[in-house]
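Taking it in order: structure first as structure tokens, then the write-up.
Laboratory data are not the source of any read-out in this text; all were calculated from the coordinates shown. Because the structure is a prediction, the values reported are computed rather than measured. Don't worry about glycine lacking a Cβ; one is built from the backbone with ideal geometry, like all the others, and counts go over all protein chains shown.
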Amino acid sequence: MKCGSRLERLIAGGEFVVTAELGPPMGASLEAVDRKAEFLRGNVDAINVTDNQTAVVRMSSASVAIRLVQLGLEPIMQMTARDRNRIAIQSEWLGAAAWGVQNCLCITGDHQSFSRAGKLLGHPGSKNVYDMDSIQLVRTLRIMRDEHRFQGGDPLEEGMPCRMLVGAAWTPLGDPIPFRVTRLAKKIAAGAEFIQTQGVYDMDAFRQQMKKVVDRGLHERAAIMVGIIVPKSAGMLKYMNKAVAGVSVPEEIINRFDGKKGSKAHAEGIAVTAELIQQAREIEGVRGVHIMAIEWEEKIPEIVTAAGLLPRPQVEDDVAETVAENA
Amino acid sequence: MIIAQRKKFEELLEMVRPYRRVLVLGCGGCVTVCNAGGEKEAGLLATELRLAARTHGLDLEVKTETITRQCDPEFVEAITTPLAEIDAILSTACGVGVNFLTERITDRRITVLPALNTSFYGATESHGEWSEKCAGCGNCVLHLTGGLCPVGRCAKTLSNGPCGGSNNGKCEINTDADCIWAAIVERMEELGRLEELERIEEPRDWSTARHGGPRKTVREDLKI
Amino acid sequence: MSQTQSQFEPRIVAFCCHYCAYTAADLAGSSRLAYPSNVTIVRLPCSGKIDAIHILQAFEDGADGVYVAGCMEGDCHFVSGNLRARKRVEHVRSLLSEVGIHPQRVEMFNLSAAMGQRFVEIVNDMTDRVRELGPSEVSLRRVATVDDESKAAPAAKDK
């Protein structure tokens, strides 16, 4: 075991892993975090904590991830390249790892221009960083963990390793589609051990991409978890189909919401999610699912039940031993 | 070339308000080519200022002159307008010209003001349309990316692009912006070099860019 | 309308394309069509020769109104000169607004060499319009501004 996280053990044990997302609050209280966390407890194996998603200021991913550790849950801290240079990023990793955060998803991050949307003013005039890109983040974290070196070359202090399972995101159906498998290969070559994809609705197209992934043997080198964004309405699906890069929604899925509003649309959304998860499970190379119920965490229990993902497997509580062994 | 755009007239009028005798100084370099601050634009701005002075009842005298370049000492030294007769220079050069004039102007009483917003290093797409091509990062990677720059032309300066925001060849930030990484992939494929993009580019050394502080180059063989 | 305004004879500069409006003005003359004498015609080889600075300088030199007259759209001898002229006139309107001159003081017209009557209409329309607007904001102020010669004092004003 590289870091002994629950996620790592489940992947190693060949389990079909389930993760979900928890969006930190736009305020300085842990109440919302604690409340959302309870919807996820026992229903998923690990919880992604988003890092100022869509460039909107929220409580930092590291601090929320630490809170989840305190609550006895397993976080996957997300880290974007947008807001921090390599100094800040590595420092954040040290802090989070010291507090028991054992997984990190390295992503480039939405451009800050996204922060102005709907009613939000955001910070479109902020300066972005992108000192490194997601692939370089992956590489840097692997070097810190495995070679105990910082990106610049200095060693980490003796006996104080930065133990984290390293993940990356993948947009399988983003343009240019033929190059997406190459980009996944780069992320895995850089050291990504698990992959969470952008939301997939078009399972046929995803299946074709996965065939190429399997042909290259990439599925054996990293655990690929298909991302599913839980749909709430036809409007949301149409919006994503039109406006979100790399997300295409087949007509027949949108049509299922015809004439459905409120609770009926919500029920349809959960049914669609469960079906998509079941279809994804059948695809060779898919090792898990990442459920994105955006500001809808309370529906996770219902979704995982409908998708037949319960009960979640247990891991023996020998994390401490593993840590001791590796130290 | 350096691409610039003229500041809003209101801003310029406020800028020159404290001065009575202003020289609008045009530049015959890049800003002439991008129609932002050459002889024609300097003349137009001077006329506008004179008209505005009349409609606003300002005591403002505006002259104009254009020199070959505002970034070389020999041309700055050759300004023909008597400096004693002006209080401020409103330069229609890029920021380089404004800085250089400030440092080189012999009459230290004279304030140099910027008439333009200096925007980027770009090229003319068609008459009246310019776009950014280079960021002047000091460490060129164009040989690795099929001649198209990910530093100057990717919104996220990605070394290992494209990110997930590439859509039909356009960037996620807006549909007017091309995704340069999509173009790089296409170009490398055209060149039969696509497999080179499998290589992972290491984190860049940004010290050659502005992040390393103000830059300077010296060619000893050219110096006396 | 006040008495002064009704008596006000605006000074108008017409930048006319050699191939159409200028010839139309000639035709109007030889047809003995009467039009106000307050218009000064400047001949251009093409309306596309017009530049913002020419129009602005006309105002600086005391014009109350300026118009550019080019060939009918699609009939420019230089393909797109009249289209460029129209865009420049639009641009000048925004410049005039910036400096405090009414943008309606400038206009773009299209006509052919055969339209002597139309030329007369344009002159009349423009004269009426500018008369309505009154003397140019620049010439109104001109009396009040300091004489150029007296502006010799060296230092900046209030720094």
Legend entry - Filtered residues of the range B:148-169 (kept if of a type in the set (Lys, Arg) and more than 10 Å from every other protein chain (Cβ to nearest Cβ)): B:ARG153
Inset, instruction - Those residues that are closer than 18 Å to A:GLY191 by Cα and in contact (Cβ under 8 Å) with a residue 60 or more places away in the chain, I need them from the range A:153-171; list them, please. - result: A:PRO161, A:CYS162, A:ARG163, A:MET164, A:LEU165, A:VAL166, A:GLY167, A:ALA168, A:ALA169, A:THR171
Inset, instruction - Considering each of B:TRP181, B:TRP130 in turn, give the residue that is in contact (Cβ under 8 Å) with a residue 12 or more places away in the chain and closer than 28 Å to B:LEU45 by Cα. - result: B:TRP130
Legend entry - Subset of the range A:127-179 that is more than 29 Å from A:ARG216 (Cα to Cα) and among the charged types (D, E, K, R) - its residue that is farthest from the other protein chains (Cβ to nearest Cβ): A:GLU158
Legend entry - Total residues in the range A:131-152, condition surrounded by fewer than 24 Cβ atoms within 10 Å (Cβ to Cβ) and part of a loop (DSSP other than H, G, I, E, B): 6
Legend entry - Check on A:VAL244, closer than 30 Å to A:ALA65 by Cβ and surrounded by fewer than 20 Cβ atoms within 10 Å (Cβ to Cβ): yes
Inset, instruction - Could you check A:SER113 against (1) polar (S, T, N, Q); (2) within 11 Å of another protein chain (Cβ to nearest Cβ); (3) not in a helix (DSSP H, G or I) and say which number it fails? - result: (3)
Legend entry - Residues being buried (at least 21 other Cβ atoms within 10 Å of the Cβ) and of a type in the set (Phe, Trp, Tyr) - total across the range A:58-106: 1
Legend entry - Every residue from the range B:186-199 that is surrounded by fewer than 16 Cβ atoms within 10 Å (Cβ to Cβ) and more than 10 Å from chain A (Cβ to nearest Cβ): B:GLU190, B:LEU191, B:GLY192, B:ARG193, B:GLU196
Legend entry - Boolean, B:THR145 is crowded, with 23+ Cβ neighbours inside 10 Å, in a loop (DSSP other than H, G, I, E, B) and either aromatic (Phe, Trp, Tyr) or more than 7 Å from chain A (Cβ to nearest Cβ) (or both): yes
Legend entry - Every residue from the range B:200-224 that is within 13 Å of another protein chain (Cβ to nearest Cβ), outside any helix (DSSP H, G or I) and charged (D, E, K, R): B:GLU201, B:GLU202, B:ARG204, B:ASP205
Inset, instruction - Could you grab me the full set of residues in the range B:1-41 that are touching a residue at least 60 places away in the same chain (Cβ under 8 Å) and within 18 Å of B:ASP72 (Cβ to Cβ)? - result: B:MET1, B:ILE2, B:ALA4, B:LEU25, B:GLY26, B:CYS27, B:GLY29, B:CYS30, B:VAL31, B:VAL33, B:GLY37
Legend entry - Residue that is nearest to the other protein chains (Cβ to nearest Cβ) [pool: residues in the range B:170-185 that are surrounded by fewer than 17 Cβ atoms within 10 Å (Cβ to Cβ) and outside any strand (DSSP E or B)]: B:ASN174
Inset, instruction - Look through the range B:158-178, keep the residues that are of a type in the set (Asp, Glu) and touching a residue at least 12 places away in the same chain (Cβ under 8 Å), and return whichever of them is nearest to A:MET240 (Cα to Cα). - result: B:GLU172
Inset, instruction - List the number of the failed condition for B:ASN139; all other conditions in (1) touching a Phe, Trp or Tyr at 6+ places or on another chain (Cβ under 9 Å); (2) within 14 Å of chain C (Cβ to nearest Cβ); (3) part of a loop (DSSP other than H, G, I, E, B) hold. - result: (2)
Inset, instruction - Please name all residue pairs, on different chains or six or more residues apart, with Cβ atoms under 8 Å, provided the first residue is in the range C:79-90 and is in a helix (DSSP H, G or I) and the second residue is aromatic (Phe, Trp, Tyr). - result: none
